[in-house]
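Report on the structure given below.
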Amino acid sequence: MFQRFSPTTLFAALAGLALLVSGCARPAAAKAPPPPAVTVTPVVRKDLPVYVEAVATVDGWANVDIRARVRGFLEKQHYQDGATVREGQLLFTVERSEYEAAAANARAALSRALAAQAHNKSQLERRRALAKVDGLSQQELEDAEAQARDADGQVEAARAQLKQAELNLSYTTIRAPLSGVAGLAQVRPGNLVGQDGPTLLTTVSQVDPVRVTFPLSEIDYVRAPDRLKRLAGRDLAWARRQFPRLDRGAAAEGGDPGVRLVLSDGSVYAHPGVVVAANRQVDATSGTIQLEALFPNPDHALRPGQYGRVRLRQEGAGANALAVPEKSLVQVQGTYSLAVVGPDSKVQLRPVKVGPSVGALRIVQSGVSEGERVVVEGLQAARDGATVTAKEAVTTASNDPAPAAGQGR
């Protein structure tokens, strides 16, 4: 016998069966996401070379203005603009005819004066002989003596005039007073020079070595007493003795590591230099003192008027310093912090006090300890108190604090 169900009962049974099936197919609750992954590196302690940089100006060791000292037409230029010249090399000539005539006239005047001197001298000797036998009055003897002295004076005056004439004649040939690079000529042949005073023709600069001047803060000057306050005796000869030592990578006399010059394109000049002088005073308006360094310039790559930056190592700075990668620092309104990952894998944002940068590293003066791990990649996920999955960073050459090749020691 089959039991008969009403339509209402059958619908209710089917609905219950559908609910049962849907309940069985419902998925389990979603799992929590894994902690974000970050890359960490330990805080290290090491000796780091810390440098001071200052804007520098390059100038020749000696710069000499070449001027026309006599009036006349510039006859010829004997060197090529911008060429290297030797000491004593002929640079310009001024028309000579006027000064040759003046010198000839002066020589003739001297000859006349010498003839008059000889005549008056013989006259004086005869009158002195006559005066001994009372054949000449005292007045006549005194007149002869005066004429002889006047003749001597005329000779001296004629010689001085001849010397001046020959000097003016010599000024018509203008030679290099030192070896160096001659600049562009300011006056071309055919122009009148020396009309209203000496006329600037060009400038010759001795550019090996070059003189580099730069300002140093008073604080950095005080911090380097041994290096910057014992400059006596550091002349050109001393500097030339140091250049080969610095090129070999050794220090100069007294342990001076030298200075480097960074050019306007960011490249570092191949040869180190040495500080040789400091100004007598600190500039009260800027709080800096002007220093002078010499750099070898054998290939004349450096020219007067160039700008660059002098890189000077700070003595005592960076020794046994704590350092972190520059990219691990979080800067907000002038304050710095580090995301420190503890042993429990939790992040702590910790404020720190930082010092100077050294390559890809930054000196940390307080706030962390050696060996603590700081986040270098994934800082966006490193929120304070968050749990993270930390992976050790791979050490690369970018973390090397040493300057690039040629940037100093």
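The values are calculated or read from the model by the stated rules, or taken from the named source; none is laboratory data. Please read all numbers here as calculations on a predicted model, not as lab measurements. Neighbour counts are summed over all protein chains in view; Cβ atoms, including those assigned to glycine, are modelled from backbone coordinates with ideal geometry.
If I filter region 323-339 for residues that are of a type outside the set (Phe, Trp, Tyr), more than 24 Å from Pro49 (Cα to Cα) and crowded, with 17+ Cβ neighbours inside 10 Å, do I get at least one hit?
yes
Every residue in region 269-293 that is over 20 Å from Asp220 (Cβ atoms) and of a type in the set (A, V, I, L, M, F, W, C), please.
Ala270
Within region 158-171, can one find any residue that is outside any helix (DSSP H, G or I), under 41 Å from the mean Cα position of the chain (by Cα) and surrounded by 13 or more Cβ atoms within 10 Å (Cβ to Cβ)?
Within region 158-171, one or more residues are outside any helix (DSSP H, G or I), under 41 Å from the mean Cα position of the chain (by Cα) and surrounded by 13 or more Cβ atoms within 10 Å (Cβ to Cβ).
So, in region 293-322, how many residues would count as being assigned to a strand (DSSP E or B), surrounded by fewer than 17 Cβ atoms within 10 Å (Cβ to Cβ) and touching a Lys or Arg at 6+ places or on another chain (Cβ under 8 Å)?
Total satisfying the criteria: 0.
With respect to Gln154, is the statement that it is outside the structural domain of Arg303 (by TED's automatic domain parsing), part of a helix (DSSP H, G or I), more than 22 Å from Ser205 (Cβ to Cβ) and free of Cβ contacts under 8 Å to residues at least 40 places away in the same chain true?
no
In a strand (DSSP E or B), free of Cβ contacts under 8 Å to residues at least 60 places away in the same chain and basic (Lys, Arg) - does that describe any residue in region 260-280?
Within region 260-280, one or more residues are in a strand (DSSP E or B), free of Cβ contacts under 8 Å to residues at least 60 places away in the same chain and basic (Lys, Arg).
What residue, of Val212, Val276, is under 28 Å from Ile66 (Cα atoms), in contact with an Asp or Glu (Cβ under 9 Å, 6 or more places away or on another chain) and modelled with pLDDT of 95 or more?
Answer to the check: Val212.
Could you tell me whether Ser217 is polar (S, T, N, Q) and at pLDDT below 90?
yes
Could you please find all residues in region 89-126 being β-branched (Val, Ile, Thr) and either farther than 30 Å from Gln77 by Cα or exposed (fewer than 13 other Cβ atoms within 10 Å of the Cβ) (or both)?
Matches in region 89-126: none.
Which residues, taken from region 220-236, are of a type in the set (A, V, I, L, M, F, W, C), outside any loop (DSSP other than H, G, I, E, B), modelled with pLDDT under 85 and surrounded by fewer than 16 Cβ atoms within 10 Å (Cβ to Cβ)?
Val222 - this is the single residue of region 220-236 that is of a type in the set (A, V, I, L, M, F, W, C), outside any loop (DSSP other than H, G, I, E, B), modelled with pLDDT under 85 and surrounded by fewer than 16 Cβ atoms within 10 Å (Cβ to Cβ).
Taking interchain pairs and intrachain pairs at least six residues apart, which have beta carbon atoms under 6 angstrom, with the first residue in region 162-180 and at positive phi and free of Cβ contacts under 8 Å to residues at least 40 places away in the same chain and the second among the charged types (D, E, K, R) and assigned to a helix (DSSP H, G or I)?
No pair meets every condition.
When you go through Ala56, Ala68, Ala37, Ala83 one by one, which is the residue that is touching a Gly at 6+ places or on another chain (Cβ under 9 Å), under 19 Å from Gln186 (Cβ atoms) and at pLDDT 80 or above?
Answer to the selection: Ala68.
Just to verify a result, which residue in region 131-151, among those that are surrounded by 12 or more Cβ atoms within 10 Å (Cβ to Cβ) and either of a type in the set (Gly, Ala, Ser) or not assigned by TED's automatic domain parsing to the domain that holds Leu114 (or both), is farthest from Leu114 (Cα to Cα)?
Selected residue: Ser137.
Looking at (1) surrounded by 12 or more Cβ atoms within 10 Å (Cβ to Cβ); (2) under 29 Å from Thr199 (Cβ atoms); (3) not small (Gly, Ala, Ser), find the lone condition where Gln80 falls short.
Every condition holds for Gln80 apart from (1).
So, Leu130, is that one free of Cβ contacts under 8 Å to residues at least 12 places away in the same chain and among the aliphatic types (A, V, I, L, M) or not?
When the stated conditions are applied, Leu130 passes them.
Look through region 63-115, keep the residues that are free of Cβ contacts under 8 Å to residues at least 40 places away in the same chain and part of a loop (DSSP other than H, G, I, E, B), and return whichever of them is nearest to Ser170 (Cα to Cα).
His78
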